[in-house]
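Asks: My questions all concern the structure below.
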Amino acid sequence: MTDKDYDDIPGTIVFDADRSRQGYWLNQFCISLRTAEARQEMKDDPEEHMAKFAMTEEQKQAVRDRAWNRLLELGGNIYYTSKLAAFDGINFQNLAAMMTGVSREEYRDMMLNGGRSIEGNRSKSEWEDK
């Protein structure tokens, strides 16, 4: 994948056409968990279920580790990867809190107050020591 101007936004992984192509099989795996049959297969033998999808080893490892942000870096779409979280009994609000490194209550309060502050979060260059 090539560098994009928006790669400089801290804490944000933009799901664009390149990531869509990169994560196609990862997302197919995640969305498969919408069916009871696939959830049972995943419960019975996760490796066998994952083997049905042409994911990279890195993507499979991120699934095994439940490395939520890494799944997005590897092309996962948040709405599809949330199916894996739901499989684990994690609701979307708890998942978002985990991914942002705050408690569920802190995440809820942040969203109720308009989201993450733009100050210091426009560009990674704002984080550099001057």
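Where a number appears in this text, it was derived from the coordinates with a stated rule and is not lab data. None of these values were measured; they are calculated from a predicted model. Heads up, the Cβs are rebuilt from the backbone with ideal geometry, glycines too, and the neighbour counts pull from every protein chain shown.
Asks: Please give the direction-averaged projected area of the C-alpha convex hull for the chain, in square nanometres with one decimal.
Replies: The number I arrive at for the chain is 9.3 nm².
Asks: Here's something else I'd like to know. Quick one: compute the contact order of the chain, relative version, from alpha carbon pairs under 8 angstrom and 6+ residues apart, as a percent.
Replies: Relative CO of the chain lands at 30 percent.
Asks: For region 13-90, what does the relative contact order come out to in percent, with C-alpha contacts under 8 Å and a separation of six or more?
Replies: RCO, region 13-90: 48 percent.
Asks: When the Karplus curve 6.51 cos²θ - 1.76 cosθ + 1.60 is applied with θ = phi - 60°, which whole-Hz ³J(HN,Hα) does each residue of region 48-55 get, with x for Gly and Pro?
Replies: These are the phi-based 3J(HN,Hα) values: 5, 5, 4, 5, 6, 10, 7, 6 Hz.
Asks: Arranged by the count of other C-beta atoms within 10 angstrom, fewest first, what order do T81, T2, T56 take?
Replies: T2, T56, T81
Asks: Among all lysine pairs in the chain that are eight or more places apart or on different chains, how many have alpha carbons less than 20 angstrom apart?
Replies: Count of close lysine pairs: 7.
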